[in-house]
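Peer 1: First, the structure itself, so that you have it in front of you.
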Amino acid sequence: MPDLFSKFDPLIETREQLLSTGVTDPFNLVMEEVVSPTVAICNGKKTILLGTYNYMGMTFDPEVIEAGKEALEKFGSGTTGSRVLNGTYVGHKAVEQALKDFYAMDHAMVFSTGYQANLGIISTIAGKDDYIILDIDSHASIYDGCALGNANIVPFRHNDVEALEKRLKRLPEGAGCLVVLEGVYSMLGDLAPLKEMVAISKAHGAMVLVDEAHSMGFIGENGRGVAEAQGVIDDVDFIIGTFSKSVGTVGGFCVSNHPKFEILRLVCRPYVFTASLPPSVVATAATSIRKLMHGKAKRDHLWENSQKLHAGLKALGFTLGTEEPQSAIIAVIMPDLEKGAAMWEALLHEGLYVNLARPPATPANMTLLRCSLCAEHSSQQVDEILGMFAAAGRKTGVIG
Ligand SMILES: Cc1ncc(COP(=O)(O)O)c(C=O)c1O
């Protein structure tokens, strides 16, 4: 019989080859101490964090921490049960109410992670014989949700409105269809043309789900995401989000105005057959979400940071994922994995942590250094970051 692990041999070889160059393992970094949303101690060294999804810097907010502590003491460390049995506490109801208020929507359902939110909602509403049309660069949790539900999957070229329309036109008569889009695509930090895509999808009678994982809290007048910023939030059937980015903890959710939405609590397997979030987590999430409703000053500062970093990196001669900054993610395109890993390590030596991203997570086989900014980065930190990129870029030969 074959060794079931033999399919991993090519990856094992790539990894061994990379590590044999003497480079530090970029996928095994330990945060020894986390000082603030923007600074940690790694390898004993003070390191600026530019590769977290802590966009709004909520992880050390004193009110958020206090809410978590209180719930931990009052309700204990975990629920030890499913939401549909013993795992719904007042805190789960309170965070769902906070989401309904945040999005001004009728229904909110909280999952244990954003991954499970996509897995659960997509697989439950689009099953065998239904069609899912999705952007080819969709997140793994979206693809896994499609696979779990066993729907017919029809991908289209990234952000291509005409390609989406073509696929909608080709649907068999009477078929059910869910169009799945993201607000911000997390690899390159680019936005979806939701205005056009949502309009076309609705015109063909499809339902629309938008994953706003990387835009919640930051993009849109009230931080509701790209659908809000582009004026189509009322036409979107389902918004998926996560607590692991701007909200600053862990968990996932779906909000919707669909009148039959609540039935999903009984039929959605990744909601039913898993334990609910600990009381401390839902308490921190609810407090954070309510504070994000008043986050305009932070949103403005985050935009300033994003613009400054993008312009600075461009001026240094780096190749970036977008012409203009579109979100809090700025992707620096590396010539190959070896150079990318060398640059990642050189930045770490300078005192900067960024994400190294490689295929299959990245589009078009790219190796990326993904920088994600935080509203708590000071303008001076952005200057320091640019200085570190200049030094590491010259040392590794990525820039001249
Ligand atoms: C677009 C998108 N959707 C969903 C998720 C999953 O979120 P979570 O970390 O809560 O599982 C991610 C996480 O990176 C994401 O980027």
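Peer 1: What number of residues in the range 132-191 are more than 30 Å from Thr52 (Cβ to Cβ) and of a type outside the set (Gly, Ala, Ser)?
Peer 2: Here the count works out to 24.
Peer 1: Please work out if Glu345 is among the charged types (D, E, K, R), open to solvent by less than 50 Å² (accessible area, probe 1.4 Å) and either at pLDDT 95 or above or within 23 Å of Leu18 (Cα to Cα) (or both).
Peer 2: Taking the combined requirement at face value, the residue satisfies it.
Peer 1: When you scan the range 163-191, how many residues do you find that are free of Cβ contacts under 8 Å to residues at least 60 places away in the same chain, assigned to a loop (DSSP other than H, G, I, E, B) and either among the polar types (S, T, N, Q) or under 17 Å from Ile122 (Cβ atoms) (or both)?
Peer 2: Looking only at that region, the number is 3.
Peer 1: Just give me the residues in the range 125-138 being open to solvent by 10 Å² or more (accessible area, probe 1.4 Å), within 16 Å of the ligand (Cβ to nearest atom) and touching a strand residue (DSSP E or B) at 6+ places or on another chain (Cβ under 6 Å), in sequence order.
Peer 2: Within the range 125-138, Ile136, Asp137 meet the criteria.
Peer 1: Tally time: how many residues in the range 252-287 are within 12 Å of the ligand (Cβ to nearest atom) and more than 15 Å from Lys100 (Cβ to Cβ)?
Peer 2: Of the residues in that region, 4 qualify.
Peer 1: Shifting gears a bit: State whether the residues of the range 244-262 include one that is of a type outside the set (Val, Ile, Thr), outside any loop (DSSP other than H, G, I, E, B), open to solvent by 10 Å² or more (accessible area, probe 1.4 Å) and in contact (Cβ under 8 Å) with a residue 24 or more places away in the chain.
Peer 2: yes
Peer 1: Looking at the range 3-26 only, could you name the residues that are hydrophobic (A, V, I, L, M, F, W, C) and without any contact (Cβ under 8 Å) to a residue 24 or more places away in the chain?
Peer 2: Matches in the range 3-26: Leu4, Phe5, Phe8, Leu11, Ile12, Leu19.
Peer 1: Residue by residue through the range 115-124, note down the ones that are surrounded by fewer than 24 Cβ atoms within 10 Å (Cβ to Cβ) and either of a type in the set (Gly, Ala, Ser) or more than 14 Å from Phe273 (Cβ to Cβ) (or both).
Peer 2: Matches in the range 115-124: Tyr115, Ser123.
Peer 1: Okay, moving on. Return the residue satisfying two criteria in turn: it lies in the range 77-105 and is within 22 Å of Val267 (Cβ to Cβ) and of a type in the set (Ser, Thr, Tyr), and of such residues it is most open to solvent (accessible area, probe 1.4 Å).
Peer 2: Thr88
Peer 1: Of the numbered conditions (1) assigned to a helix (DSSP H, G or I); (2) open to solvent by less than 20 Å² (accessible area, probe 1.4 Å), Lys69 fails exactly one; give the number of that condition.
Peer 2: (2)
Peer 1: Still on this model: If you go through the range 192-208 one residue at a time, how many are more than 16 Å from the ligand (Cβ to nearest atom), touching a residue at least 40 places away in the same chain (Cβ under 8 Å) and in a loop (DSSP other than H, G, I, E, B)?
Peer 2: 1
Peer 1: If you check Asn305, Asn355, which single one turns out to be open to solvent by less than 10 Å² (accessible area, probe 1.4 Å), polar (S, T, N, Q), more than 16 Å from Thr396 (Cβ to Cβ) and in contact with a Cys (Cβ under 9 Å, 6 or more places away or on another chain)?
Peer 2: That would be Asn305, the only listed residue that is open to solvent by less than 10 Å² (accessible area, probe 1.4 Å), polar (S, T, N, Q), more than 16 Å from Thr396 (Cβ to Cβ) and in contact with a Cys (Cβ under 9 Å, 6 or more places away or on another chain).
Peer 1: If I go through the range 32-49 residue by residue, how many of them are part of a loop (DSSP other than H, G, I, E, B) and under 21 Å from Val382 (Cβ atoms)?
Peer 2: Summing the residues that are part of a loop (DSSP other than H, G, I, E, B) and under 21 Å from Val382 (Cβ atoms) in the range 32-49 gives 2.
Peer 1: Filter the range 139-183 down to the residues that are within 16 Å of the ligand (Cβ to nearest atom), out of contact with any Leu (no Cβ under 7 Å at 6 or more places or on another chain) and open to solvent by 40 Å² or more (accessible area, probe 1.4 Å) and list them by number.
Peer 2: If the condition is that a residue be within 16 Å of the ligand (Cβ to nearest atom), out of contact with any Leu (no Cβ under 7 Å at 6 or more places or on another chain) and open to solvent by 40 Å² or more (accessible area, probe 1.4 Å), then His139, Ala140, Tyr143, Ala147, His158 are the ones that fit.
Peer 1: Specify which of the listed residues (Lys74, Lys7) is loosely packed, with under 12 Cβ neighbours inside 10 Å, away from the ligand (no atom under 16 Å from the Cβ) and either over 26 Å from the mean Cα position of the chain (by Cα) or not in a helix (DSSP H, G or I) (or both).
Peer 2: Being loosely packed, with under 12 Cβ neighbours inside 10 Å, away from the ligand (no atom under 16 Å from the Cβ) and either over 26 Å from the mean Cα position of the chain (by Cα) or not in a helix (DSSP H, G or I) (or both) holds for just one of Lys74, Lys7, which is Lys7.
Peer 1: Oh, and also: I'm trying to understand the selection: among the residues of the range 209-234, which are within 11 Å of the ligand (Cβ to nearest atom) and open to solvent by 30 Å² or more (accessible area, probe 1.4 Å)?
Peer 2: Hits for the range 209-234: nothing passes.
The values are calculated or read from the model by the stated rules, or taken from the named source; none is laboratory data. Not measured: the values here are computed from a predicted model. Counting neighbours? That spans all protein chains shown, and the Cβs are built from the backbone with ideal geometry, glycine included. When the accessible area is computed, the model is the full protein with side chains, heavy atoms only, and any ligands, DNA or RNA have been set aside. Shrake-Rupley method; radii C 1.70, N 1.55, O 1.52, S 1.80 Å.
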